[in-house]
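Reviewing the structure listed below.
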Amino acid sequence: MAAGRARVILKTVKDISVQFCPFDSNVRSAREFLAAIGTEKARLTNSNCRIVADVKHDETEPVIAVTFNDGERLVMKAVNLTTREMLSFFNERCFAKDPQAQETASKKRQ
């Protein structure tokens, strides 16, 4: 699970809901995403972020819904996405919403 090693920062996130049916064959990426955001290291970046695993038994497609602190929502349908793709896009959105991270990154480039 190389994608699980990606650094996840939940600083700009209010809540995350990961919905999946464990009996479907296409839920691996959703489960790996849940594992990546649920690590202790990730949780320490925002202890107020609510993470909910909504396990269904009705063959629904795996969906990740993220609500940011500014109210914006991001919905990813995990059926056709890899864990790496979802984590990459999630981290890009978090980085774009965190001015402190952008400032730090620009200082490192100089």
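The values are calculated or read from the model by the stated rules, or taken from the named source; none is laboratory data. All values derive from a computational prediction rather than experimental measurement. Heads up, the Cβs are rebuilt from the backbone with ideal geometry, glycines too, and the neighbour counts pull from every protein chain shown. Only protein heavy atoms, including side chains, enter the accessible area calculation; ligands, DNA and RNA are left aside. Shrake-Rupley method; radii C 1.70, N 1.55, O 1.52, S 1.80 Å.
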Legend entry - the range 36-63, subset of a type in the set (Lys, Arg) and within 24 Å of Arg7 (Cβ to Cβ), residue surrounded by the fewest Cβ atoms within 10 Å (Cβ to Cβ): Lys41
Inset, instruction - Kindly list the number of the only condition in (1) open to solvent by 90 Å² or more (accessible area, probe 1.4 Å); (2) in contact (Cβ under 8 Å) with a residue 12 or more places away in the chain that fails for Phe33. - result: (1)
Inset, instruction - Consider Met86 carefully, then state whether it is modelled with pLDDT of 95 or more and in a helix (DSSP H, G or I). - result: yes
Legend entry - Single residue of the range 1-27 satisfying the filter (over 10 Å from the mean Cα position of the chain (by Cα), charged (D, E, K, R) and closer than 27 Å to Asn69 by Cα) that is modelled with the highest pLDDT: Lys14
Inset, instruction - Quick one: Leu10 ticks every box in (1) under 30 Å from Gln100 (Cβ atoms); (2) without any contact (Cβ under 8 Å) to a residue 60 or more places away in the chain; (3) open to solvent by less than 10 Å² (accessible area, probe 1.4 Å) except a single one, so which number is it? - result: (2)
